[in-house]
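Enquirer: Okay, handing you the structure first.
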Amino acid sequence: MFEFTLDATAGAARAGTLTLPHGPVRTPAFMPVGTHAVVRGLSAGDMRRTGAQIILGNTYHLHLRPGETVIQSMGGLHRFTTWDLPMLTDSGGFQVFSLEGLRRIEEHGVQFQSHIDGTLRTLTPERAIEIQWQLGADIAMAFDHVVPGQASLAAACDGMERTLRWLDRCKARHEELAGPTAPQTLWPIIQGGVHDELRLRSLEGTLERGPWTGVAIGGLSVGEAKPVMHGVIELLTPALPVSTPRYLMGVGFPPDLLEGIARGIDLFDCVAATRNGRHGTAWLPTGRLNVRGAALKDSTDPLDPTCDCETCTTYPRGYLRHLFVVEDILGLRLVSIHNIRFLVRLGEEARARILDGTFDGWSRSWLGRYYTGGE
């Protein structure tokens, strides 16, 4: 149920097929984020029409509302959401550690104060795995200790070493729950901040605890400069097993997607597509467009003439601007649909270019046009 086939390469870039219990994922691919078991404002049908192959849910938020027991009683995350394709759940580590001042980190786990009702909760590696098992996604992520992008060597080392110790506990609990033939797999997360020696130690320790059906790179896009992020990816991906899919967590702006693919990343996720969409920012091949802008007032042009999504094939720019001016929620939905389709389509085209051997020249041209166009 958990296999990865490498279909083609172009330098470090890879085209593969990840087989999961709820279907295949053809990579490279972008995963829309359904933090609360919903991609903000969009239905499962909307997501299918964007071409999304896999959606992410979040352990922390679903544990707080509605609770993993409720979701399990309703048939698991797939039936709860009516999404019948693959799903991945983040362990909640990033959300917990972003609660600065509202959480206390101990070796046993993390005690935190709910941002909803102020109640005290405790999330341990074992508990994170138990919650994800009840949610029932195809892929569960290990509970990790995330540090800020500018964390010192000492702080990054502390987080990296704790992540490895917690990985042992995650793996043990997942094996107890799942067994060898369960419809869920566990993926570890490499940490270490921006420090090369720590990243390599994290990678070595993670692989020693394998084999794994996939490996994630975490703790990036959290405040470090883009060249630093690229350097960490370039350091890690050549040392990862060729037959293992690589997942870059929390990264999903259009140029970051292509930069990551060029460096050997297979899977991405980010909330930026829908967050930008709700604020009236659309992604185009020539950069970002403010849909609220007065210049669009009487435009009959499609939002993106090159895009095949519902928004671009149906509504003119002038109407989309009007929706934002009158604050109708349809505008938020339509631009969000476009942005997700934009990233999904970018992954699809990158895959096609890897398969036909034209990825390098195409990606350089694409990035040059995007940056020149105003990003």
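The values are calculated or read from the model by the stated rules, or taken from the named source; none is laboratory data. Here the structure is a predicted model, which is why all the values come from computation and not from measurement. All Cβ positions, glycine included, derive from the backbone under ideal geometry; neighbour counts span all protein chains shown.
Enquirer: Identify, by number, the condition in (1) out of contact with any Gly (no Cβ under 7 Å at 6 or more places or on another chain); (2) without any contact (Cβ under 8 Å) to a residue 60 or more places away in the chain that Gly159 doesn't meet.
Expert: (2)
Enquirer: Quick check on my filter: what residues within segment 80-101 are within 26 Å of Asp46 (Cα to Cα), of a type outside the set (Phe, Trp, Tyr) and out of contact with any strand residue (DSSP E or B) (no Cβ under 9 Å at 6 or more places or on another chain)?
Expert: Thr82
Enquirer: For residues in segment 48-78 being free of Cβ contacts under 8 Å to residues at least 60 places away in the same chain and assigned to a strand (DSSP E or B), which is surrounded by the fewest Cβ atoms within 10 Å (Cβ to Cβ)?
Expert: Asn58
Enquirer: Right, something else. May I ask you to verify whether Gly45 is surrounded by fewer than 16 Cβ atoms within 10 Å (Cβ to Cβ) and either outside any strand (DSSP E or B) or not charged (D, E, K, R) (or both)?
Expert: Yes.
Here is a yes/no grid of residues against (1) of a type in the set (Lys, Arg); (2) assigned by TED's automatic domain parsing to the domain that holds Gly159; (3) modelled with pLDDT under 95; (4) touching a helix residue (DSSP H, G or I) at 6+ places or on another chain (Cβ under 9 Å):
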| position | (1), (2), (3), (4) |
| --- | --- |
| Met47 | no, yes, no, yes |
| Arg65 | yes, yes, no, no |
| Gln72 | no, yes, no, yes |
| Val96 | no, yes, yes, yes |
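Enquirer: A follow-up question, please. Which residue out of Arg246, Arg209 is charged (D, E, K, R), under 16 Å from Gln191 (Cβ atoms), crowded, with 23+ Cβ neighbours inside 10 Å and in contact with a helix residue (DSSP H, G or I) (Cβ under 7 Å, 6 or more places away or on another chain)?
Expert: Testing whether each residue is charged (D, E, K, R), under 16 Å from Gln191 (Cβ atoms), crowded, with 23+ Cβ neighbours inside 10 Å and in contact with a helix residue (DSSP H, G or I) (Cβ under 7 Å, 6 or more places away or on another chain) leaves just Arg246.
Enquirer: Assess whether Arg48 counts as being among the charged types (D, E, K, R) and out of contact with any Asp or Glu (no Cβ under 8 Å at 6 or more places or on another chain).
Expert: yes
Enquirer: Which pairs turn up if I take residues in segment 342-367 that are among the polar types (S, T, N, Q) and look for partners that are in a helix (DSSP H, G or I) with beta carbon separation below 6 Å, at least 6 apart in sequence or on another chain?
Expert: Between residues of segment 342-367 that are among the polar types (S, T, N, Q) and residues that are in a helix (DSSP H, G or I), the close pairs are Ser363/Leu258; Ser363/Ala262.
Enquirer: Could you grab me the full set of residues in segment 201-217 that are closer than 16 Å to Arg165 by Cα and not β-branched (Val, Ile, Thr)?
Expert: Once the filter is applied, which keeps residues that are closer than 16 Å to Arg165 by Cα and not β-branched (Val, Ile, Thr), segment 201-217 yields Arg201, Ser202, Leu203, Glu204, Gly205, Leu207, Glu208, Arg209, Gly210.
Enquirer: Let me ask something else about it. Against the condition closer than 22 Å to Ser43 by Cα, aliphatic (A, V, I, L, M), surrounded by fewer than 21 Cβ atoms within 10 Å (Cβ to Cβ) and free of Cβ contacts under 8 Å to residues at least 60 places away in the same chain, how does Leu240 come out, does it pass?
Expert: No, not satisfied.
Enquirer: Can you tell me which residues in segment 147-180 are part of a helix (DSSP H, G or I) and of a type in the set (Gly, Ala, Ser)?
Expert: Ala154, Ala155, Ala156, Gly159, Ala172, Ala178 - these are the residues of segment 147-180 that are part of a helix (DSSP H, G or I) and of a type in the set (Gly, Ala, Ser).
Enquirer: Would you pick out the residues in segment 260-293 that are among the hydroxyl-bearing types (Ser, Thr, Tyr) and in a loop (DSSP other than H, G, I, E, B)?
Expert: Step one: list which residues in segment 260-293 are among the hydroxyl-bearing types (Ser, Thr, Tyr), which gives 274, 281, 286.
Scanning segment 260-293 gives a single hit, Thr286.
Enquirer: Within segment 171-228, track down each residue that is small (Gly, Ala, Ser) and under 26 Å from Leu77 (Cβ atoms).
Expert: Passing the criteria: Ala172, Ala178, Gly179, Ala182, Gly210, Gly214, Ala216, Gly218, Gly219, Ser221.
Enquirer: For segment 218-259, which positions are outside any loop (DSSP other than H, G, I, E, B) and of a type in the set (S, T, N, Q)?
Expert: The initial filter retains those residues of segment 218-259 that are outside any loop (DSSP other than H, G, I, E, B), namely 226-239, 246-248, 254-259.
Listed by number, the list holds a single entry, Thr237.
Enquirer: Moving on to the next point. In segment 280-291, which residue that is more than 20 Å from the chain's Cα centre (by Cα) and either assigned by TED's automatic domain parsing to the domain that holds Gly34 or of a type in the set (Gly, Ala, Ser) (or both) is farthest from Pro32 (Cα to Cα)?
Expert: Once the filter is applied, the top-ranked residue is Gly287.
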